[in-house]
1. Quick one: count up the residues across the range 111-123 that are over 15 Å from residue 174 (Cα atoms) and surrounded by fewer than 24 Cβ atoms within 10 Å (Cβ to Cβ).
2. Quick test of your reading of the structure: residue 69 fulfils all but one of (1) loosely packed, with under 13 Cβ neighbours inside 10 Å; (2) in contact with a strand residue (DSSP E or B) (Cβ under 9 Å, 6 or more places away or on another chain). Name the failing condition by number.
3. Residues being assigned to a helix (DSSP H, G or I), in contact with a strand residue (DSSP E or B) (Cβ under 7 Å, 6 or more places away or on another chain) and over 25 Å from residue 216 (Cβ atoms): count how many of those fall in the range 279-301.
4. Considering only the range 30-49, I want to know if a residue exists there that is in the same structural domain as residue 148 (by TED's automatic domain parsing) and modelled with pLDDT under 90.
5. Can you tell me which residue among 131, 157 is within 26 Å of residue 74 (Cα to Cα) and touching a helix residue (DSSP H, G or I) at 6+ places or on another chain (Cβ under 6 Å)?
6. Yes or no: residue 204 more than 26 Å from residue 299 (Cα to Cα), touching a residue at least 60 places away in the same chain (Cβ under 8 Å) and touching a helix residue (DSSP H, G or I) at 6+ places or on another chain (Cβ under 9 Å)?
7. Tell me which residues, restricted to the range 296-321, are closer than 17 Å to residue 243 by Cβ and surrounded by fewer than 20 Cβ atoms within 10 Å (Cβ to Cβ).
8. Scan the range 279-289 and tell me whether some residue there is within 22 Å of the chain's Cα centre (by Cα) and not assigned by TED's automatic domain parsing to the domain that holds residue 165.
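The values are calculated or read from the model by the stated rules, or taken from the named source; none is laboratory data. Since we're looking at a predicted model, the values are computed, not measured. Here Cβ is always computed from backbone atoms with ideal geometry, including for glycine, and neighbour counts include all displayed protein chains.
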């Protein structure tokens, strides 16, 4: 009997709009695990890293140095790439630039042409490294560039689609076209797969595969919180954005104070809603109940998780937040909302508590139920950790992703 032929691991180019980025650490962890499994992955980013080098940890610094950055390559890089493709395949270059112009024309914008030029730069980088498989995280502008790279080079194109931002502007993100143009699509949740099915033809559905994100439970110290003197320590971690609805959380804290609850909220993160959050804290007189830390490193976030009693994320729209997985891995019970993919992670009353999205009274009720109730906190935390180990373990899910990539070469 002949031995089975081993699966071939294709050499992959990973493209992200911004990499490495503080809110996309899970992509770095995914790539590190894939490389440890033997996958050959080169990384490219459209934009420069989102923080100065001194604010990145050692892994991020090393990854930034090894990542091709399109915008850092600048006008000279664009000229070199255009010249390369004009010599190598002028017809493909003309079609790609024209298609980019047409994309932009649909929105009365030159951005489609800009994306096409960026695609020539990514395609040139891939040609220099002899890469013919391109994988793009998110269905945003980076995925538009990826779609144009395929038009230019004929590469195999795959995406990881997260949601929900891509679904907010389906025409503007050319999402239907992206589904049609992709060879394979990885969906981080069943919710994402269903949304892509909703906007695509049935013959496209076979390319949609669910592979969840995950965390390494070993990175987090799992402990059940003991009773301690002083207030219940609430924690919220995430970019300060309207979608995460931290302003509503501040309002809920005002209600909790007025009802006599003993608590203190630490809010980690920064973003476009910072001013609104600060104004809400000030107007409600909650300076003694809420601490805003700004953005923290991953190590500092783990320290906050180790000190917290309850994690709160009152989002109006999400994919499946990795920070919830991190809290659940740490033994911190979670209060969040059943939006988008979150119910695939948290079941109300079993692995966490779910408040009605945008409903102040519901959020206050869930927080009042869990504050000070150690038995409930412990029961939720135990089931939550089991859920992570079963369905959201990083190593398990990256191995599944690696198997998907191996299918590409076949």
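1. 2
2. Going through the list (1) loosely packed, with under 13 Cβ neighbours inside 10 Å; (2) in contact with a strand residue (DSSP E or B) (Cβ under 9 Å, 6 or more places away or on another chain), residue 69 breaks only (1).
3. 1
4. Checked against the condition, which is being in the same structural domain as residue 148 (by TED's automatic domain parsing) and modelled with pLDDT under 90, the range 30-49 yields at least one hit.
5. Result: 157 is the single residue among 131, 157 that is within 26 Å of residue 74 (Cα to Cα) and touching a helix residue (DSSP H, G or I) at 6+ places or on another chain (Cβ under 6 Å).
6. no
7. 316, 317
8. The answer is no, given that none of the residues of the range 279-289 is within 22 Å of the chain's Cα centre (by Cα) and not assigned by TED's automatic domain parsing to the domain that holds residue 165.
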